[in-house]
Amino acid sequence: MPRFTVRQSSRLDLTSYAGLALLGQCFEAALVEPLIDARIPVSQGMKTSDLVKSMMALPALSKSDFEAIEPFHNDRFFKRALVLA
């Protein structure tokens, strides 16, 4: 799990969902990935733990359904914070 460092930068790179970094660390501490992937096999090339972590992150972003994941499809921070493949 990557740790994020807070530092001053001349490049403006703001995100309204920075709390996902903390949520990703909670997933790591709870061993979500090895626990889920060991019990539920990979389906259609996507790890089950990635699906579960994404679904659990959406309510933290005040999103109510899985269709709300689409704006995060190409978001590097979302993938990095939650350690998604």
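The values are calculated or read from the model by the stated rules, or taken from the named source; none is laboratory data. Model, not experiment: these values are computed from the prediction. Heavy atoms of the whole protein, side chains included, go into the accessibility calculation; ligands, DNA and RNA do not. Shrake-Rupley method; radii C 1.70, N 1.55, O 1.52, S 1.80 Å.
Relative to the 2.2 N^0.38 Å rule of thumb, the stretch 39-85 has a C-alpha radius of gyration ratio of 1.12. Per residue, the average separation of C-alpha pairs within less than 8 Å and at least 6 apart gives the chain a relative contact order of 40 percent. Translational diffusion coefficient, Stokes-Einstein: compute it for the chain using the Kirkwood radius over C-alpha pairs as Rh, at 20 °C and 1.002 mPa s, and state it as an integer in µm² s⁻¹. D = 155 µm²/s. Based on protein heavy atoms only, the chain ends up with 75 Å² per residue of surface accessible to a 1.4 Å probe. Cross-link reach is defined here as a Cα-Cα straight distance under 12 Å, omitting same-chain residues fewer than 8 places apart; for Lys47 the aspartates and glutamates meeting it are Glu33, Asp37. Measuring nothing but protein heavy atoms, the accessible surface of the chain at 1.4 Å probe radius is 56 percent carbon and sulfur. The helix-only estimate of mean residue ellipticity at 222 nm for the chain, built from DSSP H runs of length n ≥ 4 each weighted as -39500 (n - 2.57), is -13000 deg cm²/dmol after division by the residue total.
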